[in-house]
């Protein structure tokens with residue numbers, strides 16, 4: 001079930017976060033406006049409309065005030081408009097209303113009367129709470145009666161975006177805003193490497209069960225939208241103190257968009273290695289993976305904590321380039337057997353994620369840690385998910 005969450009952004013910041021996460025972990029899909037719109041216009045109203053139209057249920061949070069009435073919402077405040085539009089579109093949809101107790105603070109009696117009237121008309125109760133913890137428990141209790149629907153995991157395509165150009169504060173946020181706001185894509189992986197005012201950003205996206213999601217993506221249109229948004233943000237970045245020293249304001253950003261129609265890989269392995277920080281270590285790991293015919297979908301190199309001096313951590317996402325599927329345990333044993341005895345490897349863990357291909361359910365997963373070897377050897381923990 002998709003549930004729209006409505007509240008004032010700043011007045012109930014923590015409580016709003018609590019409600020959204022409670023809905024998510026109850027197995028449902030929360031729909032919400034991520035941040036306060038910079039420009040309140042027809043485009044902002046259209047976003048509200050698309051989310052409310054796709055919602056199966058509505059969760060309303062209110063506290064001290066109803067907000068400011070705006071002309072583009074017909075003289076209503078945002079939380080009033082959202083609730084009224086949901087009741088108009090889904091008169092029989094589940095409605096959950098929660099009010100934070102004001103204590104000694106001043107509150108709007110007009111707001112209280114308005115929400116009370118709508119609660120009576122919709123034949124629902126207003127649940128009062130004091131703390132976010134109490135709200136979390138109340139939301140979970142109210143959702144127990146609704147059978148959750150599993151998200152579709154058979155993705156029709158994936159989108160990879162690569163940006164090369166000047167670095168400035170806000171770049172990743174600008175890219176992410178275009179990706180979600182217009183195309184309703186979820187960011188699965190992102191890599192941002194920057195130095196000296198120059199950066200490279202790689203983003204992997206996939207469609208999810210969200211309202212307004214287009215059936216297909218035009219790569220040229222997405223690229224044009226990203227370039228337009230980045231160029232506009234770059235123009236305002238210097239005056240706002242968001243420009244990185246060394247960046248060239250005249251450098252044209254290079255953006256490449258690739259669409260993979262084959263969809264998500266059915267099996268992928270997450271491998272974490274802790275190794276000595278010495279020349280050639282990464283090359284040795286990549287060489288072994290090449291012999292095993294595993295493709296490196298993503299790689300990250302991290303420094304280790306102080307308790308592991310002169311060492312580094314490598315995180316890899318791996319997948320097979322062929323179509324042959326062997327037993328998960330055999331594949332894990334094969335990867336572990338080749339990597340654990342490489343010179344310099346101090347610790348190794350593997351997690352295997354397998355997709356069933358079902359559109360209704362995902363295979364249950366489990367995690368098992370194998371016994372560690374003696375400390376005189378490379379300590380190895382193997383995890384299977």
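The values are calculated or read from the model by the stated rules, or taken from the named source; none is laboratory data. Predicted model, so just to flag it, every value in this text is computed and none were measured. When we count neighbours, we look across all protein chains shown, and the Cβ atoms used for this are built from the backbone with ideal geometry, even at glycine.
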Failed item, numbered, when residue 96 is tested on (1) modelled with pLDDT of 95 or more; (2) under 18 Å from residue 58 (Cβ atoms); (3) out of contact with any helix residue (DSSP H, G or I) (no Cβ under 8 Å at 6 or more places or on another chain): (3)
Hey, residue 357 at pLDDT 50 or above and on the phi > 0 side of the Ramachandran plot or not: no
Number of the condition not met by residue 175 [criteria: (1) in contact with a strand residue (DSSP E or B) (Cβ under 6 Å, 6 or more places away or on another chain); (2) modelled with pLDDT of 90 or more; (3) surrounded by 16 or more Cβ atoms within 10 Å (Cβ to Cβ); (4) within 25 Å of residue 218 (Cβ to Cβ)]: (1)
Given (1) touching a helix residue (DSSP H, G or I) at 6+ places or on another chain (Cβ under 7 Å); (2) surrounded by fewer than 16 Cβ atoms within 10 Å (Cβ to Cβ), number of the condition residue 183 does not satisfy: (2)
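How many residues does segment 79-136 hold that are part of a loop (DSSP other than H, G, I, E, B), in contact (Cβ under 8 Å) with a residue 60 or more places away in the chain and either within 22 Å of residue 10 (Cβ to Cβ) or outside the structural domain of residue 61 (by TED's automatic domain parsing) (or both)?
Summing the residues that are part of a loop (DSSP other than H, G, I, E, B), in contact (Cβ under 8 Å) with a residue 60 or more places away in the chain and either within 22 Å of residue 10 (Cβ to Cβ) or outside the structural domain of residue 61 (by TED's automatic domain parsing) (or both) in segment 79-136 gives 0.
Would you mind stating whether residue 8 is in a loop (DSSP other than H, G, I, E, B), under 28 Å from the mean Cα position of the chain (by Cα) and closer than 22 Å to residue 133 by Cα?
On the way: in a loop (DSSP other than H, G, I, E, B): yes; under 28 Å from the mean Cα position of the chain (by Cα): yes; closer than 22 Å to residue 133 by Cα: yes.
Yes: the conditions hold for residue 8.
Quick check: is even one residue across segment 41-59 farther than 19 Å from residue 4 by Cβ, in contact (Cβ under 8 Å) with a residue 12 or more places away in the chain and either in contact with a helix residue (DSSP H, G or I) (Cβ under 7 Å, 6 or more places away or on another chain) or crowded, with 19+ Cβ neighbours inside 10 Å (or both)?
The first filter runs over segment 41-59 and keeps only residues farther than 19 Å from residue 4 by Cβ, leaving 41-42.
Okay, now just the ones that are also in contact (Cβ under 8 Å) with a residue 12 or more places away in the chain, so 41-42.
With either in contact with a helix residue (DSSP H, G or I) (Cβ under 7 Å, 6 or more places away or on another chain) or crowded, with 19+ Cβ neighbours inside 10 Å (or both) added as a condition, the list becomes 41-42.
Checking segment 41-59: at least one residue is farther than 19 Å from residue 4 by Cβ, in contact (Cβ under 8 Å) with a residue 12 or more places away in the chain and either in contact with a helix residue (DSSP H, G or I) (Cβ under 7 Å, 6 or more places away or on another chain) or crowded, with 19+ Cβ neighbours inside 10 Å (or both).
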Residue list for segment 209-247, restricted to those being exposed (fewer than 11 other Cβ atoms within 10 Å of the Cβ) and at pLDDT below 85: 215, 216
Condition met for residue 257 (within 30 Å of residue 234 (Cα to Cα) and touching a strand residue (DSSP E or B) at 6+ places or on another chain (Cβ under 8 Å)): yes
In segment 266-288, the residues that are in contact with a helix residue (DSSP H, G or I) (Cβ under 9 Å, 6 or more places away or on another chain) and in a strand (DSSP E or B): 267, 269, 271, 273, 275
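Filtering segment 322-337 down to residues that are surrounded by 10 or more Cβ atoms within 10 Å (Cβ to Cβ) and assigned to a loop (DSSP other than H, G, I, E, B), which residue is modelled with the highest pLDDT?
Step one: list which residues in segment 322-337 are surrounded by 10 or more Cβ atoms within 10 Å (Cβ to Cβ), which gives 325-326, 328-329, 331-337.
If we keep only those that are assigned to a loop (DSSP other than H, G, I, E, B) as well, we get 325-326.
Numbers: 325: 63, 326: 68.
Once the filter is applied, the top-ranked residue is 326.
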